[in-house]
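See below for the structure under consideration.
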Amino acid sequence: MKNKEYKNKLIIFVAFILILGSSLNASITRSELDIQIYINDDGSAHVIENNEYQISGEDSINNYQNGLKSFSGGQENRNDITYWLSTIGSNYAPSYHIDADTGQENVVITPSQITYKSVTEQTARAKITVEYDVLSIQDGDQMKGVFFVRKSKPRTMQYILNADAIRFEKNEGGDFFPPENTVIEFIFPKRIMLESVKPSPNNLNQNSFPIYNIESVKWDDETLLPKFSIVFTIEQRLDEEMADFFRNIQDNIIDIITGQDGWADIIIALTIVGSYVAMQKINSKE
């Protein structure tokens, strides 16, 4: 009788260990974060964040699939990052890693179906892409976005990285600590002159500056980005400057016409011109 009770207790204990082990193995972790930042002329940016996930355990796989099913059926949650907090957890949930406190637009979140690595071991992969625009605003005599943009000399705009827009863990000295297995890439506008960048990017083969017409700088799986900074300039062509000059004149005229006193200003201007022409004709007859 005692042997039977002992065997029953042993079976219960082994079952408990197996259940506990399977629950401990169940997890959703981010295996890679790939961030691409496309910089615009005004310092704003278009950002694409690709979150690759490793899913372990039947419970976690079901949890992700249920989250995906609810996400696909509910329009109100479709582009809300906080929706994924309960499914993935705060440590690895998708996030805005680029945020200049200037506002965001056109947010699109795209989760993938799972891809099994092993059906027997209940391991799978999934991907959630977060795509959005980071806006820029007028800040004194410069534009503020992912980059600060100001005119450094005639026809030349200087771009300085807004370090506060990078939402990695950071210390007081300005050193950034990206999440594990992170790739971060800044894709520049055309015709830039790179003045300085710290630390040296993985895709940069030269350390002498300036560097002309470089397309991007990229850091791959760095655990520390000390004194993180990027400075570049864009020199406007003379024909572009002239086009901007006449465009500004045109915009000013349109503002006058469409303003509150627009038509009154036009009538006054026409009256002045008409009076001048009439006086000229009278003088010519005399």
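Numbers below:
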| quantity | calculated |
| --- | --- |
| Output for segment 113-139, where each listed residue is farther than 18 Å from G57 by Cα and of a type in the set (S, T, Y) | T129, Y132, S136 |
| Subset of segment 167-192 [over 22 Å from N91 (Cα atoms), modelled with pLDDT of 95 or more and surrounded by fewer than 18 Cβ atoms within 10 Å (Cβ to Cβ)] | I187, P189 |
| Odd one out for M143 among (1) surrounded by 14 or more Cβ atoms within 10 Å (Cβ to Cβ); (2) over 20 Å from F232 (Cβ atoms) | (2) |
| Close pairs (9 angstrom Cβ cut-off, 6 or more residues apart or separate chains): among the acidic types (D, E) in segment 138-162, at pLDDT below 95 anywhere | none |
| Residue count for segment 147-166, restricted to those that are surrounded by 19 or more Cβ atoms within 10 Å (Cβ to Cβ) and more than 17 Å from E195 (Cβ to Cβ) | 2 |
| Segment 80-128 - residue that is of a type in the set (S, T, N, Q) and closer than 20 Å to V146 by Cβ and, of those, surrounded by the fewest Cβ atoms within 10 Å (Cβ to Cβ) | N106 |
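Condition check ((1) out of contact with any Pro (no Cβ under 8 Å at 6 or more places or on another chain); (2) within 18 Å of V47 (Cβ to Cβ); (3) not in a strand (DSSP E or B)) across all residues:
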residue: M143; (1), (2), (3): yes, yes, no
residue: K151; (1), (2), (3): yes, no, no
residue: D164; (1), (2), (3): yes, yes, yes
residue: V197; (1), (2), (3): yes, no, no
residue: S200; (1), (2), (3): yes, no, yes
residue: S208; (1), (2), (3): yes, no, yes
residue: W219; (1), (2), (3): no, yes, no
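The values are calculated or read from the model by the stated rules, or taken from the named source; none is laboratory data. Just so you know, these numbers come straight off a predicted model, no measurement behind them. When we count neighbours, we look across all protein chains shown, and the Cβ atoms used for this are built from the backbone with ideal geometry, even at glycine.
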